[in-house]
1. Given the conditions (1) in contact with a Leu (Cβ under 9 Å, 6 or more places away or on another chain); (2) modelled with pLDDT of 95 or more, and given that Glu253 satisfies all but one, which numbered condition is not satisfied?
2. Identify, from the list Ala315, Ala353, the residue that is in contact (Cβ under 8 Å) with a residue 60 or more places away in the chain, surrounded by fewer than 20 Cβ atoms within 10 Å (Cβ to Cβ), out of contact with any helix residue (DSSP H, G or I) (no Cβ under 7 Å at 6 or more places or on another chain) and part of a loop (DSSP other than H, G, I, E, B).
3. State the number of residues belonging to the range 258-279 that are over 12 Å from Val233 (Cα atoms), out of contact with any strand residue (DSSP E or B) (no Cβ under 8 Å at 6 or more places or on another chain) and within 15 Å of ligand 2 (Cβ to nearest atom).
4. Of the residues Ile342, Ile304, Ile367, Ile346, which single one is within 30 Å of Arg185 (Cβ to Cβ) and without any contact (Cβ under 8 Å) to a residue 60 or more places away in the chain?
5. Would you please list the contacts, defined by Cβ atoms under 8 Å and residues six or more apart or on different chains, that run from a residue in the range 226-248 that is at positive phi to a residue that is of a type outside the set (D, E, K, R) and surrounded by fewer than 17 Cβ atoms within 10 Å (Cβ to Cβ)?
6. What number of residues in the range 242-264 are within 30 Å of the chain's Cα centre (by Cα) and either surrounded by fewer than 22 Cβ atoms within 10 Å (Cβ to Cβ) or within 14 Å of ligand 1 (Cβ to nearest atom) (or both)?
7. Considering every residue within the range 208-217, establish whether at least one is under 25 Å from the mean Cα position of the chain (by Cα), in the same structural domain as Arg340 (by TED's automatic domain parsing) and more than 16 Å from ligand 2 (Cβ to nearest atom).
8. Which one is farthest from Val169 (Cα to Cα), of the residues in the range 352-390 that are more than 27 Å from the chain's Cα centre (by Cα) and of a type in the set (Asp, Glu)?
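The values are calculated or read from the model by the stated rules, or taken from the named source; none is laboratory data. None of the values given here were measured: they were computed from a predicted structure. In this analysis, Cβ positions are derived from the backbone assuming ideal geometry, glycine residues included, and neighbour counts consider all displayed protein chains.
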Amino acid sequence: MDTEKPHPAESEIPGSTRAAVITPPGAGAIAVVRVWGPGSLAMVDRLFRPASGIGLARMRPGRPRVGRLGACGVGDQVVVEILDDQGILEIQCHGGRAAPLAVMHTLIQAGAARAEPGLVAATTAQSVIATQALEDLPLAATLKTAAILLDQADGALDREIAAIARLVVADREALVGRLKTLIQRSGIGLRLARGWTVALAGRPNVGKSRLMNAIIGRERALVDHRPGTTRDVVTCELALEGWPIELVDTAGEREAIDSIERQGIERARAARAHADLVLLVLDGSMPLEPSDFHLLSQPHQARIVVANKSDLPPAWSLDQVGVELAISAERGQGLGELARLIAERIVGDPPPAFAAVPFRGSHVQCIVDALDRVESGNPAEALARLARGG
Ligand SMILES: Nc1nc2c(ncn2[C@@H]2O[C@H](COP(=O)(O)OP(=O)(O)OP(=O)(O)O)[C@@H](O)[C@H]2O)c(=O)[nH]1
Ligand SMILES: [Mg+2]
């Protein structure tokens, strides 16, 4: 039976109810509008005409109801669900542009205020960190990154910080170890919403563009036997081993023959400087040239050197310049191993399931500050810093 006691939010003052479309704009079968704040349930109850049964105000949270929304006319057919005891509701209506706009229009006419999208996460989250995790969740491009953020929305980082705070007086060594683990995991945490950048580098004609196309499985970049084909920076987003990556193809490094190529080479250098990892491609079938040695001598925080065109007879010995892998972009040889190597180099040791992972700069700052205070013999200050949060 659907007969329940009246909902607490029903009696609250109308007027500060807020509403927001929480699904992305564009074509789609279903859109979702979230409604919350004082008077939310009473407002939606007034506007909602259930297909059958009792009104919304007597419903228990978690039971979807089918009906129509709109004070007059046919109104869109919707599914309304009360999410919790605070009177947070979701209205699922038809997707696209018009139907969610009509639902929003109906709610605003009834007195709801349009909410900032960033406020929506705060409606269901239990803490500041959980709110931030839900804010970042729509930016997570892969299941792996989304799962880590969902763990933080579920309280993993909050619980770990509370546990660490309890260790401050009890066990200094364990405390330092756990703070350091969190700092190490933040390397991944800070990339959950934006991913990593991997830049392809190499002299002209070594097969950088062919390699980009082979990795992503479509003809994204122009490939030609003439050196100097790629002029601009060509980017592409993909997932390698479940981690979101922006792959950047660049102009080949050499003495430029005209001003367009010079600009392209400048852009290639900037792309390399900003990348998390440089994939330096050499041509294993042709003798090494000064441009190869120039690139090999560049200092970079992380780099993988590959020898391409392994389907052709080798022109030099691979262990000569620190090549880690021989591949053939043309034949697709070695690409699985390359994907694993890239993931290993950028992600390192991924956190176990349900682990605490700091994912904002402010979290990392707080943990670094706390560690600093512990190491300088001020555990009480470390505790205070953890309590203040990020
Ligand atoms: N045999 C063989 N040929 C390849 C391989 N990879 C690329 N090529 C060929 O090498 C030539 C150059 O390939 P690109 O991908 O355009 O080279 P690039 O490094 O992007 O060159 P620029 O854009 O000029 O810097 C083309 O003719 C490709 O078909 C490979 O693994 N084996
Ligand atoms: Mg190219």
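1. Exception for Glu253: condition (2).
2. Working: Ala315 fails: in contact (Cβ under 8 Å) with a residue 60 or more places away in the chain.
The match here is Ala353.
3. Restricting attention to the range 258-279, the residues satisfying the condition of being over 12 Å from Val233 (Cα atoms) are 258-260, 262, 273-279.
Still in the running and out of contact with any strand residue (DSSP E or B) (no Cβ under 8 Å at 6 or more places or on another chain): 258-260, 262, 273.
Filter once more, keeping what is within 15 Å of ligand 2 (Cβ to nearest atom): 260.
Qualifying residue count, the range 258-279: 1.
4. On the way: Ile342 fails: without any contact (Cβ under 8 Å) to a residue 60 or more places away in the chain; Ile367 fails: without any contact (Cβ under 8 Å) to a residue 60 or more places away in the chain; Ile346 fails: without any contact (Cβ under 8 Å) to a residue 60 or more places away in the chain.
Matching residue, one of Ile342, Ile304, Ile367, Ile346: Ile304.
5. Note: pairs meeting the criteria are Gly228/Ile257; Gly242/Leu143.
6. The first filter runs over the range 242-264 and keeps only residues within 30 Å of the chain's Cα centre (by Cα), leaving 242-251, 264.
Now restrict to residues that are either surrounded by fewer than 22 Cβ atoms within 10 Å (Cβ to Cβ) or within 14 Å of ligand 1 (Cβ to nearest atom) (or both): 242, 244, 246-251, 264.
Total meeting the criteria: 9.
7. So far as the range 208-217 goes, yes, one or more of its residues are under 25 Å from the mean Cα position of the chain (by Cα), in the same structural domain as Arg340 (by TED's automatic domain parsing) and more than 16 Å from ligand 2 (Cβ to nearest atom).
8. Asp372
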